[in-house]
Amino acid sequence: MLFLFFLLIFKDGVDSMQLDMVKLIEENIDDTIDPCDDFYRHACRKDQSRGSTFFYVIQRSFWKEMNDLMRSGKNEDLFRKIEKLENLISSLKSDSFDDTSAVRFEYMEKCINNKTRAREMLLELNKLIYNNENGDCCFTNIDFDTNCERSATNLVNGLKEHLVNGLEMEARENWKNFLGYLNNFKAYLWLQANNDLVIRSREMFTMLRDDFMESVEQTPWLINSDSVKAVIEISNQLKLVDTELVIDFNQNQVDASIQEYNDCHLFTSETARKYCYATIKVPETDENWNSINAFNFHPYLSLNNPFIAILSSNSTPAIEYGSVGYVLGHEFGHTLIKTKSDHMFIPYFSEQVKTCVQNQFNKSCSFFKEGLCHTGDYQFDENGADIFGGQLVYEAFKKRHSCSVNKSIRGYEYCWTPAKLFFYSMAAVDCHREDSVSWMDDPHHAPKIRVNAVLAQIPDFAEVFQCDAKSNMMQSRSVSFIC
Ligand SMILES: [Zn+2]
């Protein structure tokens with residue numbers, strides 16, 4: 001019986017991350033810092049080892065799980081093909097096009113030992129580089145030279161002149177993109193196999209939007225300014241899509257690309273094969289859509305992996321709301337919170353709210369900065385979305401889990417309640433070891449300031465951690481609390 005139980009758990013491990021997320025959060029806690037003095041650095045220790053931050057561990061685990069899924073079941077054949085290609089591309093990456101000694105060596109060897117093979121190599125390069133099939137031009141002239149040393153030099157010079165400049169960079173770009181493309185394709189297959197998690201992420205978004213609608217209908221200044229309908233309308237336009245599912249992947253396209261690489265094998269010369277691999281282009285996809293964790297491109301809102309993977313059965317609602325929910329809330333905020341110059345959207349927030357948001361970030365800067373800390377107008381959209389998302393998701397969490405927020409969770413080193421876990425997961429997704437500083441070309445504020453500013457605007461935070469009025473987290477609250 002015990003054996004059967006075991007089987008049931010491990011039979012279908014592909015749909016749940018085998019990670020203890022509470023433990024992951026515990027590992028990053030710095031006990032020497034009081035949560036009321038600096039929550040971010042308490043929850044996100046600076047001396048954690050490289051690659052051990054919450055998000056990166058989850059990301060790594062997700063990729064591993066995805067590869068495991070590919071190796072099993074109906075995708076096995078396809079995965080083998082993909083894996084072979086990935087290995088090939090990875091091995092190509094170490095090749096250098098500037099170093100032509102390999103070309104010289106290959107040609108010399110053929111020229112001395114087997115004239116037919118040497119001619120074949122030249123014909124292949126002609127075909128590849130000059131698109132010339134019949135061998136009546138270009139490198140073929142070299143073939144008439146009986147001095148192998150000299151003809152090898154002529155070949156190398158010819159290649160350098162026509163190809164080497166710029167090819168290496170192009171090849172590296174192509175290979176990097178191709179590996180990214182294959183990863184996205186695997187993520188696409190993973191999502192298809194884990195459709196229940198995709199559905200849950202959509203449900204979570206719909207729930208946040210419904211909660212927001214309810215609050216809109218009770219907001220006096222929106223009622224008085226007759227804006228309720230407009231705000232509800234624009235919120236209703238939003239669709240949560242998954243990036244990989246949006247990309248028009250199809251098996252034929254992937255097969256065709258794999259075939260292109262396979263066709264390169266037909267070249268008998270190693271040099272020709274290398275040039276062949278170098279010029280293969282990645283199938284067209286919208287690059288911007290693959291590399292961002294989450295975005296709002298109204299009316300599309302997207303949540304990328306591995307956020308969706310956090311919604312696996314090994315997580316808890318507190319962690320799901322604090323991480324995935326917070327990101328969704330933030331992205332939702334982008335539809336409503338815009339500087340007035342952006343006429344595409346309705347600025348939901350009043351001027352007072354804008355001032356309050358910016359004041360909060362300014363104040364958090366003065367309390368928690370670790371280097372350059374700057375709150376500018378160019379950051380308002382992100383700062384506003386942070387505070388909006390944080391408050392929206394905390395209220396949603398409390399509303400649905402009100403009877404359990406203060407119940408203790410057993411089996412861990414720390415004394416956890418869901419409410420505490422919620423706040424720690426907010427800090428965990430934005431946890432970095434490096435000094436938290438603002439960049440003039442990045443509209444997002446410094447991660448530490450983002451987290452501490454948002455928490456300062458959630459009244460329950462002080463209660464959950466029993467922070468007294470003199471603590472930094474309380475002192476750093478903007479006066480016009482709540483935004
Ligand atoms: Zn944003």
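Nothing in this text is a laboratory measurement; each read-out follows from the coordinates by a stated rule. These numbers come from a predicted model, not from an experiment. Cβ placement follows ideal geometry from the backbone for every residue including glycine, while neighbour counts extend to all protein chains displayed.
Using just the Cα positions, wrap the stretch 318-470 in a convex hull and report its mean projected area in square nanometres, one decimal place.
Averaging across all directions leaves 10.0 nm² for the Cα convex hull.
In a shell of Cβ-Cβ distance under 13 Å around Ile387, excluding Ile387 itself, what net charge do Lys and Arg (+1) and Asp and Glu (-1) give?
Charge balance near Ile387 sits at 0.
Provide the packing ranking of 388-397, 71-80, 296-305, i.e. peptides ordered by the mean count of other C-beta atoms within 10 Å per residue, highest first.
So the order, starting with the most tightly packed, is 388-397, 296-305, 71-80.
Return an integer: the convex hull volume of the alpha-carbon atoms of the chain, in Å³ per residue.
Given the Cα convex hull of the chain, per-residue volume reads 197 Å³.
Evaluate the relative contact order of the chain (contact order divided by residue number), counting alpha-carbon pairs under 8 angstrom at least 6 apart; express in whole percent.
21 percent
Taking every DSSP beta bridge that has both residues in the chain, what percent is antiparallel when rounded to the nearest 5?
Taking every DSSP beta bridge with both residues in the chain, the antiparallel ones total about 60 percent.
Most exposed first by the Cβ proxy, i.e. fewest other Cβ within 10 Å, how do Tyr275, Tyr378 rank?
The order, fewest Cβ neighbours first, is Tyr378, Tyr275.
When the scattering of the stretch 114-161 is computed by the Debye formula from its Cα atoms alone, each counted once and equally, what is log10 I(q)/I(0) at q = 0.20, 0.28, 0.33 Å⁻¹?
Debye intensities relative to I(0), on a log10 scale: -0.59, -1.12, -1.37.
Applying 1/(1 + (r/R0)^6) with R0 = 30 Å to the Cβ-Cβ distance of Ile409 and Ser215, what FRET efficiency is obtained, to the nearest 0.05?
0.55
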